[in-house]
Amino acid sequence: MKNKFIAGNWKMNKTVAETRQFIRELIPLVAGVKNRVALCVPYTDLAAAVEETKGTNIAVGAQNVHWAESGAFTGEISVAMLKEIGVEYVVIGHSERRQYFGETDETVLKRTLAALGGGLKPIVCVGETLAERESGKTRDVLARQISEGLKDVSAADIGNVVIAYEPVWAIGTGKTATNDEANEAIGFIRSLLAEKYGKDAADGVYIQYGGSMNEKNAEALLSMSEIDGGLIGGASLVPQKFEAIIKAK
Ligand code: 13P
């Protein structure tokens, strides 16, 4: 059994001052835990988060990255910019970006390859909408998102990719996938990886569940055989709730 990987995705929440305060509260709460911990924070909070977490077991991630090295891309941030300040992870292809900002499997692939090429670990998000689930298309959607979104990711790199299965209907709704639904979908994603990269490589990939995971349901979800961790939105904004999830299993 591998340790779990619990990452917070703060989305568009917290100022620099709030970030510093949160991290100072969290550090003693999670010191020495065996699970991997990361906080994916807004761009403006990254430098402060890296500074505050230095020497601790908390890693820092961004929530997006552009694929170009530099250039005329107003509002975008490059891999080198993130690396230079000590960022380790980057969330890519979150459903909110797919829904509101035109993210596609093609741009997910470009961002993922750029991240891997520059030594950032991508947390690639996949997941079906409610309409897709209700019409029986969950597996088709996941298969497309994985095959297109990770198309040119090499066998050498797949171990540095984290995947987050986040059913869109469970995000921020308080409606969690059942333990079995989450486990089944993640098992399916792993089988897709096994077809392409072999069973050992697929078993080594961390696949998280995300979508209304909280301090109450985390233990049951994290006890499922295929679920390697969580990508936590709302509950990662409160140190004690995030602590409880990190320590749940
Ligand atoms: P919630 O935990 O707020 O449902 O958000 C999940 C999510 O989107 C994490 O990326």
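The values are calculated or read from the model by the stated rules, or taken from the named source; none is laboratory data. Keep in mind the model is a prediction, meaning the values are calculated, not measured. Quick reminder, even Gly has a Cβ in these numbers, built from the backbone with ideal geometry, and neighbours come from all protein chains shown.
One line per residue, one yes/no per condition, for (1) over 20 Å from residue 9 (Cα atoms); (2) within 16 Å of the ligand (Cβ to nearest atom):
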| position | (1), (2) |
| --- | --- |
| 68 | yes, no |
| 72 | yes, no |
| 78 | no, no |
| 86 | no, no |
| 93 | no, yes |
| 99 | no, yes |
| 103 | no, yes |
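Picking from 172, 117, which residue would you name as being more than 14 Å from the chain's Cα centre (by Cα), at pLDDT below 95 and of a type outside the set (Phe, Trp, Tyr)?
Of the residues listed, the single one that is more than 14 Å from the chain's Cα centre (by Cα), at pLDDT below 95 and of a type outside the set (Phe, Trp, Tyr) is 172.
If I filter the stretch 205-217 for residues that are more than 18 Å from residue 246 (Cβ to Cβ) and at pLDDT 95 or above, do I get at least one hit?
Yes, the stretch 205-217 contains at least one residue that is more than 18 Å from residue 246 (Cβ to Cβ) and at pLDDT 95 or above.
Does any residue of the stretch 187-194 turn out to be surrounded by fewer than 19 Cβ atoms within 10 Å (Cβ to Cβ), over 18 Å from the mean Cα position of the chain (by Cα) and either within 16 Å of the ligand (Cβ to nearest atom) or on the phi > 0 side of the Ramachandran plot (or both)?
Looking through the stretch 187-194, none of the residues is surrounded by fewer than 19 Cβ atoms within 10 Å (Cβ to Cβ), over 18 Å from the mean Cα position of the chain (by Cα) and either within 16 Å of the ligand (Cβ to nearest atom) or on the phi > 0 side of the Ramachandran plot (or both).
Identify all residues within the stretch 136-172 that are in a loop (DSSP other than H, G, I, E, B) and either within 16 Å of the ligand (Cβ to nearest atom) or touching a strand residue (DSSP E or B) at 6+ places or on another chain (Cβ under 6 Å) (or both); write none if there are none.
Passing the criteria: 160, 161, 166, 167, 171, 172.
Residue 115 versus (1) within 16 Å of the ligand (Cβ to nearest atom); (2) crowded, with 24+ Cβ neighbours inside 10 Å: which is the lone unmet condition?
Checking residue 115 against (1) within 16 Å of the ligand (Cβ to nearest atom); (2) crowded, with 24+ Cβ neighbours inside 10 Å, the one that fails is (1).
Give 207, 189, 227, 245 a once-over and let me know the one that is in a loop (DSSP other than H, G, I, E, B) and either in contact (Cβ under 8 Å) with a residue 24 or more places away in the chain or under 21 Å from residue 8 (Cα atoms) (or both).
The conditions single out 227.
Of the residues in the stretch 195-241, how many are of a type in the set (A, V, I, L, M, F, W, C), within 15 Å of the ligand (Cβ to nearest atom) and in contact with a Phe, Trp or Tyr (Cβ under 9 Å, 6 or more places away or on another chain)?
So the count comes out to 9.
Being under 16 Å from the mean Cα position of the chain (by Cα), at positive phi, crowded, with 19+ Cβ neighbours inside 10 Å and modelled with pLDDT of 95 or more is the requirement here; does residue 127 meet it?
Considered against the rule, which asks whether it is under 16 Å from the mean Cα position of the chain (by Cα), at positive phi, crowded, with 19+ Cβ neighbours inside 10 Å and modelled with pLDDT of 95 or more, residue 127 comes out as yes.
Sort out which residues of the stretch 89-107 are outside any helix (DSSP H, G or I) and within 12 Å of the chain's Cα centre (by Cα), and write them in order of number.
Hits for the stretch 89-107 are 89, 90, 91, 92, 93, 94.
Within the stretch 159-173, how many residues turn out to be more than 15 Å from residue 6 (Cα to Cα) and free of Cβ contacts under 8 Å to residues at least 60 places away in the same chain?
6
Can you work out which of the residues in the stretch 1-40 that are touching a Lys or Arg at 6+ places or on another chain (Cβ under 7 Å) and in a loop (DSSP other than H, G, I, E, B) is surrounded by the most Cβ atoms within 10 Å (Cβ to Cβ)?
Residue satisfying both the conditions and the ranking: 4.
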